[in-house]
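The values are calculated or read from the model by the stated rules, or taken from the named source; none is laboratory data. Every value quoted in this text rests on a predicted model; they were computed, and no experiment measured them. To get the accessible areas, we keep the full protein, side chains included, count just its heavy atoms, and leave off ligands, DNA and RNA. Shrake-Rupley method; radii C 1.70, N 1.55, O 1.52, S 1.80 Å.
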Amino acid sequence: VLRLPRLLLSRCAPESRRLGGRCVAVLRRLRSLNQDAYMDVALTSSGYFKAASRAWEVQTQHHRAAMVIHFSQSLFVFSGYTVITTSGAFTAWSILRGFHVYSRPSSDLYVSHPAFVSGIAGILSLLIAVTWMIV
């Protein structure tokens, strides 16, 4: 539903700087509205159109509340990134240090640098977190 206005506004951006700036502002507002509507759908299990209507009402009539919601949304996403990344790296570290197969130098599967492998596991966990936490 919001793709048509985005398409129309994206076509008008190159025409002039003033109009382009307005178009960019409207596109940002639509993106924010879309994110808020999806968050409303997730929280209330309502349809998208009803959620978008509520999100529009909050953005237009309760600006301060919308700012608080956006801040809490960002904090939630950052917390998700942190927890998922840390748990992946910590799990890898615990496995590499706790199982004798990986921690004994005489083993065929010995890992000599568990911190490096845990760092790679953390990076992979961050990539997974980004795909899960896109709001």
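For region 76-103 and region 32-66, compute the distance between their C-alpha centroids and round to whole Å.
Taking the Cα centre of each part, region 76-103 and region 32-66 sit 35 Å apart.
Given a cut-off of under 8 Å on Cα pairs at least six residues apart, what relative contact order in percent is computed for region 15-134?
It comes to 19 percent, rounded to a whole number.
For region 15-134, which whole percent of the accessible surface, found with a 1.4 angstrom probe, sits on carbon and sulfur atoms? Before the final figure, lay out the partial values.
Values: 5780 of 8640 Å².
Looking at region 15-134 in its full context, I get 67 percent from C and S.
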